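Asks: Okay, here's the structure, questions in a sec.
Each reported figure results from applying straightforward, stated rules to the coordinates on display, with no laboratory input. These figures come from a predicted structure and were not determined experimentally. Cβ atoms come from the backbone with ideal geometry, glycine included; neighbour counts cover every protein chain shown.
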Amino acid sequence: MGEGRRNDRFFIIFLRSRLLLLLAPFFLSAQNTEEIIRKQEEKKRATPVLLEINGNLYKEHANYLNAGAGFGYFFSQKKSFGSIGLGYNFRVKEKYYKVGFERSDNISFFGTSVIHLNDFHIATGKRYPSRRWNLSYFYGGSIYTFHQRLNLEDPVKAGVGLYGEASAFFKPVYDIGIGITAYTNVNFHAPVAGARLEFYFSGAYRGKKER
């Protein structure tokens, strides 16, 4: 009786080993197919998509600059000051990022800055480009310096804050546009929010289409 059970066990082990040997090529083939498909998808994402517009070629989702001027409202001072901004927006794989600089200040009659905020920020967000429009929003962190000149003193304060912005650019041509950027910087010394009229410059142009 015990001998028969041992024989049955050996037989089952033998069948399992043979079945694994038969199915192994199919599992390996499936894994190779998945790896090939994955590499093809990565290559496809890495290959830039070129759009043809009036005989010109433009790269889709190209990096771009935005720069302009406007006004910012200082909540601590309860006043609106001038604002300038510059940003570089770029894409890494499927995600969008932004590094930028923003300055809001109050210029006195003699041309000196009585109060000003310098803000350097890095952010991530979303971008929605089309033939005539580029819509986007970004949010992230900032490092800032705040200067407030009172009498003979000129105190300088620094810290970290939260930065956010939303932009809408109209593009008469695919890689150049004009629009509005609404922004805010939340910090401990001089929280500010405002809007700027800005220009959009993209590196999308890739030359004429070959005929």
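Asks: By counting other Cβ atoms within 10 Å of each Cβ, how are Ser104, Ser130, Ser136 ranked from fewest to most?
Replies: Ordered by Cβ neighbours within 10 Å, fewest first: Ser130, Ser136, Ser104.
Asks: Give Lys98/Lys126; Lys93/Lys209; Lys59/Lys171; Lys59/Lys209; Lys98/Lys209; Lys59/Lys93 a once-over and call out the pairs whose C-alpha atoms are over 19 Å from each other.
Replies: Distance filter (> 19 Å) returns Lys93/Lys209; Lys98/Lys209.
Asks: Sort Leu50, Leu117 by Cβ crowding within 10 Å, fewest neighbours at the top.
Replies: In increasing order of surrounding Cβ atoms, one gets Leu50, Leu117.
Asks: With a point put 7 Å past each Cα toward its Cβ, work out how far Tyr205 is from His61 in nm, to one decimal.
Replies: 2.4 nm
Asks: So, one more: Counting only Cα, what are the radius of gyration and maximum Cα-Cα distance Dmax of the stretch 70-142, in Å?
Replies: Cα only, the stretch 70-142: 15.5, 49 Å (Rg, Dmax).
Asks: Something else: In the stretch 124-191, if the dipole is taken from +1 on Lys/Arg beta carbons and -1 on Asp/Glu beta carbons about the Cα centre, which of Ala182, Val160, Ser136 is farthest to the positive end?
Replies: In the stretch 124-191, that residue is Ser136.
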